[in-house]
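These notes concern the structure reproduced below.
The values are calculated or read from the model by the stated rules, or taken from the named source; none is laboratory data. Nothing here was measured: the structure is a model prediction, and the numbers come from that model. Heads up, the Cβs are rebuilt from the backbone with ideal geometry, glycines too, and the neighbour counts pull from every protein chain shown.
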Amino acid sequence: MVKVTAKKTLIFSVPLALLAAAFFMLPKLAELTPAHRELLLISPYLSAMIGMFLSVHFHRGRPFTALLLISILYFLSRTHLSEGIIGFDHQGLYLGLSLLLPFNFALLAAMREKGVFSVAGRLRLGFILIQTASVWLLFRHYFEELLPLLTRKLFPFAVLDRLLLPQPLLLLASLFILLIASLTVKRQLPIESGLLGALTAVVITLSKITSPDIPPLFCFAAGLIITLSILQDSYNMAFRDDLTGMPSRRALNENLHGLGRRYAVAMLDVDHFKRFNDTYGHDVGDQVLKMVAKKMMSVGGNGKAFRYGGEEFTVLFPGKRSADALPHLEELRRAIEGYSLAIRNDDRPRDAKQGEGKRGSKSGLTEVSVTISIGVAESGERQGGPAEVMKAADKALYRAKSKGRNQVCS
């Protein structure tokens, strides 16, 4: 459990590292030369431009929109809000940004990717314009009535009084940050993680928007976080399996070159998977593959799991012999054999009202289970390189199948 939780929190490592670096650099900005300060002032635009170029190249509309919003925030911080929030116009602009930016970042995290210049991408930008116009009209006619509500003091903490961001809007932004964080943990995707880190940087910028150093530094950090999330996402597209989320065969081929002299390779196959697919359908078959992948990702012995193709998987054990890997593979086999997958019967009502009396019981569910066969081989003079060890593991897999399946052979 602890191991799985630790793996899930790794998705936050890049945004946290960049935000920590920004805080570390903040006191050192006073020592910058005029030339370096000029570079700092244009750095948010540079990071946004690079990220937007990558977004277009990889057809990623959500980070493109987020980078556009970050650029707008930084532009307004440099032009309209740099001298302070004075008068109704500046107050309205600042409060509008503080209201709309966190909401739209959360919206981007919640929605699925549908491209930059697609119909959905254009509708997304149009919706932002509609929001902006709506808030402008609302503030124009009811600003004096709304101002006490938006700037109300909720908590008697002195540290909050030093922030420009009013407490109601800070609380709202914090709720959106928590929402994106929960989506990030659930989906384990770099774009969601990037949106989380970027929104955190945006909230820091809004809280100290009149500071000469915080807007350029943290808007640059926000753009860099989004840009790196695009690169991480493109890497996942190439090296991760879409269905299971585990490393793909391409990643396996890359890892085979750096194993060293001693290692073990296990080939794993889901028993009678074609028959299972024909009986229960491909959707249930996909659930089985996801379940097997989830169990494999927790395999012990420092094993690295990959999807080889179809219902076949591979586990690499760097620095291990077959005898070292066997106990962990046997534990994996038992865990999969003992797992019951509940599937919906065809006659089970799908309508909420019709099925209200049956839901919560197992009367409309069928529990199924699967088994796996595993073959394992180790490196050595007879097997030669990784390709030969893979072939030996594959032969061991077929021995396991010929002996009746649901077992480990070496």
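Restricted to helices (runs of 4 or more DSSP H) entirely inside region 124-233, those with at least 2 residues that are within 21 Å of residue 65 (Cα to Cα) and touching a residue at least 12 places away in the same chain (Cβ under 8 Å) are 167-187, 190-207.
Only one of the numbered conditions (1) assigned to a helix (DSSP H, G or I); (2) of a type outside the set (A, V, I, L, M, F, W, C); (3) over 30 Å from residue 71 (Cβ atoms); (4) in contact (Cβ under 8 Å) with a residue 60 or more places away in the chain is violated by residue 261, and that is (1).
The single condition from (1) touching a Lys or Arg at 6+ places or on another chain (Cβ under 8 Å); (2) at positive phi that residue 116 fails is (2). Are any of the residues in region 124-134 touching a Gly at 6+ places or on another chain (Cβ under 7 Å) and surrounded by 17 or more Cβ atoms within 10 Å (Cβ to Cβ)? Yes; the residues of region 124-134 include at least one that is touching a Gly at 6+ places or on another chain (Cβ under 7 Å) and surrounded by 17 or more Cβ atoms within 10 Å (Cβ to Cβ).
In this structure, is residue 88 modelled with pLDDT under 90, over 22 Å from residue 218 (Cβ atoms) and more than 34 Å from the chain's Cα centre (by Cα)? Against the criterion (modelled with pLDDT under 90, over 22 Å from residue 218 (Cβ atoms) and more than 34 Å from the chain's Cα centre (by Cα)), residue 88 qualifies. Check whether at least one residue in region 311-322 is of a type in the set (Lys, Arg) and under 26 Å from the mean Cα position of the chain (by Cα), and report yes or no. Checked region 311-322: no residue is of a type in the set (Lys, Arg) and under 26 Å from the mean Cα position of the chain (by Cα). Residue count for region 85-119 under the criterion of being within 19 Å of residue 54 (Cβ to Cβ) and assigned to a helix (DSSP H, G or I): the result is 3. Scanning region 31-64 for residues that are free of Cβ contacts under 8 Å to residues at least 60 places away in the same chain and over 30 Å from residue 118 (Cβ atoms) yields 31, 32, 33, 34, 35, 36, 37, 38, 39, 42.
The rows are residues; the columns are (1) touching a strand residue (DSSP E or B) at 6+ places or on another chain (Cβ under 8 Å); (2) surrounded by 15 or more Cβ atoms within 10 Å (Cβ to Cβ); (3) over 25 Å from residue 111 (Cα atoms).
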site: 150; (1), (2), (3): no, yes, yes
site: 154; (1), (2), (3): no, no, yes
site: 159; (1), (2), (3): no, no, yes
site: 174; (1), (2), (3): no, no, no
site: 181; (1), (2), (3): no, yes, no
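Taking the criterion of being within 23 Å of residue 330 (Cα to Cα) and modelled with pLDDT of 85 or more, the residues of region 257-284 that qualify are 262, 263, 264, 265, 266, 267, 268, 269, 270, 271, 272, 273. Could you list all residues from region 368-406 that are assigned to a loop (DSSP other than H, G, I, E, B) and either modelled with pLDDT of 90 or more or charged (D, E, K, R) (or both)? Scanning region 368-406 gives 371, 381, 382, 403, 404, 405, 406. For region 49-84, a residue qualifies if it is outside any helix (DSSP H, G or I) and of a type in the set (D, E, K, R), and the qualifying residues are 60, 83.
For every residue, the table says whether it meets (1) buried (at least 17 other Cβ atoms within 10 Å of the Cβ); (2) among the aliphatic types (A, V, I, L, M).
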site: 205; (1), (2): yes, no
site: 237; (1), (2): no, yes
site: 251; (1), (2): yes, yes
site: 274; (1), (2): no, no
site: 298; (1), (2): no, no
